Each structure stands twice: as structure tokens, then as C-alpha cells.
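Worksheet: the structure to be examined is printed underneath.
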Amino acid sequence: MRKFSIYATFAGICAFLSHASHAAYPIYQGGIPNGQMMVMPQQQMMVQQPAMYVPQLSNRAISTAAAMNSRNGNAASANRITGALPRVGSNATNAGRQYYQASDYDRLADSGLYIGLSAAYAISVMGDMSADYQSEQNAFFVPGAFKPASFNYDSVIPLQISVGAAINNDMRIDFSYLRYTGLGYNNTAETSDGGGGYVPTKVDGGAITANTTMLNIYYNIDSYTGYLAGGELRPYVGAGVGVSLNTIADYVVYDKSFYSEMDPTYAGAGDLTAISDVTAYHNGGTTEQFAFMLEGGLTTELNGGIKMDFYVRYTNLGRIKTSGSNVVSQVEWLADGAGLEYEAPYDSVFHYTNWYESGRLSTVDLGVRARLQY
């Protein structure tokens with residue numbers, strides 16, 4: 001009898017806990033629509049064995065899930081923001097948390113297709129022309145640059161047209177056409193005197209142009225440097241490779257020196273005693289050269305979606321080279337047989353082929369580029 005009382009007490013406690021758990025966790029209510037009662041003869045206690053379990057959410061859980069779905073559905077896609085952002089709400093007069101306004105910097109992000117137009121000024125022109133035929137026999141007969149002659153220039157303003165697109169927020173790529181004008185062969189050159197020395201000469205012509213097409217890639221480095229000028233400027237670096245068609249126009253080298261060949265006192269009548277006024281007509285040429293550029297700059301934005309790039313660019317255009325065809329005329333002096341000499345009544349003309357002059361050309365440009373994004 002005493003043992004039955006203990007079982008009865010234990011069964012009552014279990015029934016109370018079961019009722020209390022349903023009250024505390026209503027999420028399971030309704031999950032057991034039809035139940036069956038089983039009697040455990042060993043413990044004489046009542047349990048429920050569900051015929052089918054169908055989980056159902058409570059009103060509170062349903063509301064929570066709906067709120068989460070609503071937030072996920074309406075949330076804007078996150079944009080990657082790089083660099084240092086301005087702090088708002090933390091200063092001497094307004095203490096508190098430091099809030100950031102990323103939207104002010106989205107305008108500097110590269111996106112979509114663009115077309116660009118740039119103009120620059122060559123702050124430095126490097127390179128020179130020299131006579132490649134110096135080792136040829138009697139090379140001094142063809143006046144040219146036996147000492148390197150630096151390129152002649154006044155104002156070189158390279159123009160560039162670009163068409164490209166942003167790959168992501170940090171990188172963009174474009175195809176460009178770049179044209180250089182305003183360059184030329186130096187106005188003077190030092191040619192050989194045939195005895196190991198050099199003679200100054202005058203040069204006319206030899207204008208140089210370069211038409212370059214390149215594939216360029218640019219990378220924004222604000223991830224490392226941060227934005228500059230209070231967020232108005234975004235730094236970047238770039239590189240490009242391509243082909244340059246370099247053309248040099250025809251030019252003439254005048255050597256006004258008098259070169260004695262023989263003392264007319266000991267020469268017979270009609271013998272060649274000297275030459276003077278040597279003029280070399282160098283035919284120009286066009287060469288196709290590998291070209292590359294390196295660029296660094298800062299980007300800002302104007303109204304209307306126009307971005308401005310302020311940059312410094314190094315461009316290597318390869319070699320400038322003539323066609324190797326030279327026509328040389330000279331005045332000849334003949335002995336009169338009486339110890340004197342006179343100018344020959346004819347023109348002495350020679351044609352030299354495969355006698356080239358060439359030199360490498362590179363520039364450092366300071367420029368600005370306007371890019372209209374679509």
C-alpha cells in the first residue's frame with residue numbers, strides 16, 4: 001500500500017510537469033492533434049504517444065521569421081568602400097559614437113563603360129639620333145650625327161582617346177590611341193671630319209610623329225593610401241603595352257667644310273684636289289615598334305558623371321629610324337696644272353643604301369583626362 005502511494009505521488013508530479021511544459025512552450029501546441037493514451041504497467045503512469053507529429057510555429061516565432069524575411073528582402077546590396085572615411089558625430093562639441101558616411105565616396109567608384117579624352121604636356125623628352133653607318137668604309141663622306149643628336153622640340157602636346165570599362169571598384173581597363181607631334185631631328189649635328197674629329201653641321205627637316213595604340217589597365221590604390229584632400233581625390237596607378245608607328249620625315253644635313261685631298265702644286269691638270277659643301281639628303285622612314293607606358297595619378301569627379309584624371313605618365317615609344325637611303329652631293333675642286341685649283345663645272349652625286357640613322361624616344365607627360373561614364 002505504501003508502495004502504491006509512492007507511485008501515485010510520482011505519477012501526479014509527472015502529470016503536473018507535462019501540463020506546465022505545454023503552458024510554458026506553446027510552440028508545440030497543435031503539433032499533436034490526436035493522441036493515444038498508454039498505460040505503462042511497470043510505472044503505472046500516463047504518457048501520450050502521438051499518431052503524427054506536425055511541427056508548427058507559434059505566433060511569436062512566425063512574427064520573428066517574417067520580420068527577418070522583410071529585412072532581407074528590402075536590404076540594399078553592400079558596396080565595398082575603401083580608404084579612410086570621414087568621422088561624423090565625434091568632435092569637441094558633439095561627443096558620442098563615430099559614424100561614417102560611405103555614400104560620399106561611392107561617387108568616386110568606377111563603374112560601367114566610359115570614353116575618355118586627354119591632353120598632356122611633355123615635361124621631358126628623352127632620346128637622340130645617331131648614324132648607325134659609322135663603321136662603314138668612307139662613312140665620313142655622308143654627313144650625319146656621328147655624335148648623338150638629341151631630339152629637337154618646343155611644345156609637345158600628346159592627345160589620347162580612350163574607350164574602356166570598369167572591371168570592379170578597384171580596376172578598370174581601356175584601349176587607347178595616343179599621338180605625339182612637335183618633335184624633330186636636332187637643328188645641328190656633329191659629323192666626322194675623316195680624321196678622328198668632328199665637324200658641326202646644320203640640319204633642316206626631320207619632323208617626327210608617333211601614333212600609338214595601347215591596351216591599358218589601371219588600379220585604384222586607395223585601399224593602401226586612403227582618399228586624399230578630404231575624400232575629393234582617389235589615387236591610382238596604371239600600365240599599358242601596345243604598338244607605335246614612328247615616322248621621321250626627310251631631312252638634309254649640310255656640311256660646309258672644305259676638305260683638301262691633294263696639294264694642287266703637285267697635282268696634274270684635272271686631278272681632284274678637294275671637296276666642299278657636302279650635302280646629305282636622308283630619306284625618312286616609318287617603323288613599327290613595341291611601346292609601353294607607366295602612369296600614376298589622382299581621380300576626382302565633376303557634375304554629370306564626368307571623372308577627371310590628373311596624371312604623370314612615362315611613355316617609351318621605341319626606336320625612330322630612317323629608310324637607310326641617302327643621296328649625297330658635293331662640290332669637287334680640280335687642279336689647273338699651274339699650282340692652283342678650281343671648282344668643277346659639274347655636280348658630283350652619290351647614292352648610299354642601307355645606311356641608317358636611328359634613336360630611341362621616350363617622354364614624361366603631365367596631363368589631364370576627362371572620362372564620361374555610361
Spin-label model distance (nm) - LEU228 vs VAL349, 7 Å beyond Cα toward Cβ | 5.9
If you wrap region 198-291's Cα atoms in a convex hull and average its projection over all directions, what's the area in nm²?
-> 11.7
Nearest 20 debye, what's the magnitude of the dipole of region 223-374 about its Cα centre given +1 on Lys and Arg Cβ and -1 on Asp and Glu Cβ?
-> 1540
Whole-percent pair-distance distribution, where bins are 5 Å wide, for the alpha carbons of region 115-160 | 5, 17, 17, 14, 11, 10, 9, 8, 5, 2, 1
Please sort 280-290, 159-169 by packing, taking for each peptide the average over its residues of neighbouring beta carbons within 10 angstrom, highest first.
-> 280-290, 159-169
Give, in nm to one decimal, the length gained when the segment between ILE173 and LEU117 is fully stretched (0.36 nm per residue of separation minus the Cα-Cα distance).
-> 18.7 nm
Taking only the alpha-carbon atoms of region 233-353, what semi-axes of the equivalent ellipsoid follow from 5 times the gyration tensor eigenvalues under a square root, in whole Å, largest first?
-> 59, 14, 11
Within the accessible area of region 208-350 (1.4 Å probe), percent carbon and sulfur = 60
Per residue accessible area of region 164-256, 1.4 Å probe, in Å² | 41
Which of the peptides 237-250, 180-193 is most tightly packed, and how do the rest follow, going by the mean number of other Cβ atoms within 10 Å of each residue?
-> 180-193, 237-250
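The values are calculated or read from the model by the stated rules, or taken from the named source; none is laboratory data. From a predicted model like this one, the values you see are computed outputs, not experimental measurements. All Cβ positions, even for glycine, are placed from backbone atoms using ideal geometry, and neighbour counts span all protein chains on display. These area figures cover heavy atoms from the full protein model, side chains too; ligands, DNA and RNA do not enter into them. Shrake-Rupley method; radii C 1.70, N 1.55, O 1.52, S 1.80 Å.
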